[in-house]
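S.K.: I'd like to ask some things about the structure below.
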Amino acid sequence: MAQILNFRNFLFLPSYKPTTHFRLRFLSTLVSSSSRRSNINAPPLHLRRRSTTTSTTPMEVEENSSVGFNKRRAEGTENSGLPKKNLQLKVRKLNPINTISYVQVLGTGMDTQDTSPAVMLFFDKQRFIFNAGEGLQRFCTEHGIKLSKIDHIFLSRVCSETAGGLPGLLLTLAGMGDEGMTVNVWGPSDLKYLVDAMRSFIPNAAMVHTKSFGPTFGTESTVKSQSDPIVLVDDEVVKISAIILQPCQIPSQKTDHSIDIADSLNGKKLLAAKPGDMSVVYVCELPEIQGKFDPEKAKALGLRPGPKYRELQLGNSVESDRQKNVMVHPSDVMDPSIPGPVVLVVDCPTESHLEALLSAKSLDTYGDQVGNLPKAGKSVSCVIHLTPESVVCCSNYQNWMKTFSSAQHIMAGHEKKNIEVPILKASARIATRLNYLCPRFFPAPGFWSLPNQNCSKPVSLASSEDSFSAPSNVIYAENLLKFTLRPYVNLGLDRSCIPPKASSSEIIDELLLEIPEVVEAAQHVRQLWEDSSQAKEDSIPLADHSEVIEEPWLSEDGITPACLENIRRDDLEIVLLGTGSSQPSKYRNVTSIYINLFSKGGLLLDCGEGTLGQLKRRYGVSGADDVVRSLSCIWISHIHADHHTGLTRILALRRDLLKGVPHEPVLVVGPRMLKRYLDAYHRLEDLDMLFLDCKHTFEASLADFENDLQETVNSLDLNNNNAEINASKVDSTLFARGSPMQSLWKRPGSPVDKDTVYPLLRKLKGVIQEAGLNTLISFPVVHCSQSYGVVLEAEKRINSVGKVIPGWKIVYSGDTRPCPELIKASRDATVLIHEATFEEGMVLEAIARNHSTTNEAIETGEAANVYRIILTHFSQRYPKIPVINKEHMDITCIAFDLMSINIADLPVLPKVLPYLKLLFRNDMTVDESNDVVVTVDESDDVVDVATSAS
């Protein structure tokens, strides 16, 4: 009871009295929460993670809501009372005499070909990263690369392929520790467009150290910029310079956004003014290695041991102790110095950029020959090519490579031989084990479902015009391949860090040794799909394996909803691409759901970073391209980064795949704040999309639209993709009229601009009809400002005897506290996909963050009478499987990354859970010697999880 009183003070209660029903339900919720915390069956203390977040933010309980929520957070006005973080760069004491230095290929995108690989330049006290494509943060977590050690990030181009992982990386760094961190981010002048776009959801303090260089849009300093390197970093450890490549293009190919500038060197035109086209070659020069000091020579020249020895080693001349006015120079007593190694990072994305690369005279300084003649000067030790194979195969590019004949060339562009080698081995291992146990819900990952390829045979560099065999100094990159720079005696390739290749058969063999019972469990799971009578006759006894206990409800005959009558397997599949929250982890990517409608296309619900990579892991490289081509709509729940930062990569790929093919722009439905980001990003890349505010897809707004369709409406042009959509005048609200939270959805605004909105609603209507859907309706939920859930309902069907069968209904909660609008929207749904960020013992944390616990998600589904509940969006504190109460699981299943749920398999869905528990029986508890301390930044889902001894 004391807990109830304390919680009562923690809430703002409305002035009116709730109904008896909700008063009892509210008290029941609190009492049950209290009893669960003290129950002997509750999770042990070490499973109740400590959080540094203690909220005194006002909460509210409304008349038609039985749970608390963080009002100010939902309104977007939350203020923790703490001073704003002033994110600082790490100050490191440099070591000019580095004992270890190397350049290493970070294989992001090597297996999925969805993003550019990254390159790390490593020193004792500094780390430099070249390119930050999607998945970089997850890659670093997988391979133990500490983000806090990164000092500089350099972009070879500014686009979704090379910078897709930057927003999440900056947010994670900003949330680290008490003060937060940031890094220097370098890129060509296009970087300013990306920074402007990211300001819509990233604190400005996280981006104050972004620095652009090179010619800006519309300037005429092109020729000089291409000829002269731009020095970016120059200290005692390394000198890093940038050489800008701008594509050359004949006047007939000029685009509307480009400006031609004459190049006096070759008479061609430089396409100087289209943002996003600039590429960069980075030159990394280490200082020369000083020769060894010879004390015998010093003595012979009349020097006594002492401070003068040190001066000579520092490069200063000194006077002889034996003969006055006779100077001893360093060259007299030192062995010859060894030139410092030079590394080139080359990104030449198109043949148009190749023209600029060939004319970059400043690179001639580092070549070791001109024609057939040797050339004096600095020599390049290693060239890392991020250039795609289509350009590498050009004879001009191959001839350019020969000017660095003494260098080691590492081809890090997308090579097909890397597709079968998963980069994220931890998640691949989980996916393979799940596939063995239940292949229906966990199909084989795309990279292991492909026909076997001979990966040992090197890919030849060849084109239709010219055949070229790779010389001995050209190799193809592998994940974590190193080229050692220091110590000098080890200069060269180092393969010691390349992860061993693991096949699916090896992973299964390991599983069978670890959990022998899984063989019979897999057979029993297969029987779940058999006819019930046949399954009873042929069921496999599991008496000796107590780990697999069939819950009592599994033998009960449930009531199958009418919409599943005679359902076809090609009607609907729900693919959980990402099931984690906040930031990607080894085992769970951030949120994304693919609604596969097969021949009718598909939709994405949320699109966190790495969504494209997950699609390629699920469907294979070419299969994922087909999925992206057929996307008709992408729906985004709210502006937090873990729900939308993969969007631009998907849109850019779709644009490229459909270039030259007649098609319609894809429709993006999301919160108004997302449009600000997309509008700003559109200046960098054309995303080929139309945007519709979620508020215009409320039920009341769609009803108004349908009514107005009966009237004459002027024909409108849909080509204005960037038309501003004003605030809606919709009367649909989350809370009862007159309640304190009504202002969240009823803020005054200008009337709906029908001339802008209605053409988009017509587009939406056409999209959902082509997809076989009856409705797509958004509704407000309680999380942050402009947060929404969505309802998808299929058209009715008529069976062979003329019976009308209702369409299925899918509801996705987005991020939310339990709320009446969600229950109303979910009424009698076939599937409710509900966030379950926290375990049941963390109700107060869920309230403070406006998330839900597992039990709250299940209770919402039960209150709405849904058929099946899929729990997702788990906190990354639960890396493999969340803590779940055994009660109320008769209609519920836990989501895993790449889980694919066919609508025909819904009756079996909850029955698989006991077997998943068997598979993760060693991961259900946490070592008591460790606890997870979570520090949360002001920008909601920015969470840094640090492990410390208790």
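S.K.: Order these peptides, 657-665, 104-112, by their mean beta-carbon neighbour count within 10 angstrom, highest first.
M.R.: Result, highest mean Cβ count within 10 Å first: 104-112, 657-665.
S.K.: Near the amide H of Ser852, under 5 Å away, which other amide H atoms are found, from residues 5 or more places off or on another chain, if H is placed in the peptide plane?
M.R.: Thr816, Thr837, Phe838
S.K.: Return one whole number: the accessible area per residue of the stretch 583-695 in Å², for a 1.4 Å probe.
M.R.: On a per-residue basis, 25 Å².
S.K.: Same structure again: On full extension of the chain, what length is gained from Asp626 through Lys803, given 0.36 nm per residue of separation minus the C-alpha to C-alpha distance?
M.R.: 60.3 nm
The values are calculated or read from the model by the stated rules, or taken from the named source; none is laboratory data. Only a predicted model underlies this, so the values are computations on that prediction, with no experimental measurement involved. Here the Cβ is made from the backbone with ideal geometry for all residues, glycine too, and neighbour counts use every protein chain on show. Only protein heavy atoms, including side chains, enter the accessible area calculation; ligands, DNA and RNA are left aside. Shrake-Rupley method; radii C 1.70, N 1.55, O 1.52, S 1.80 Å.
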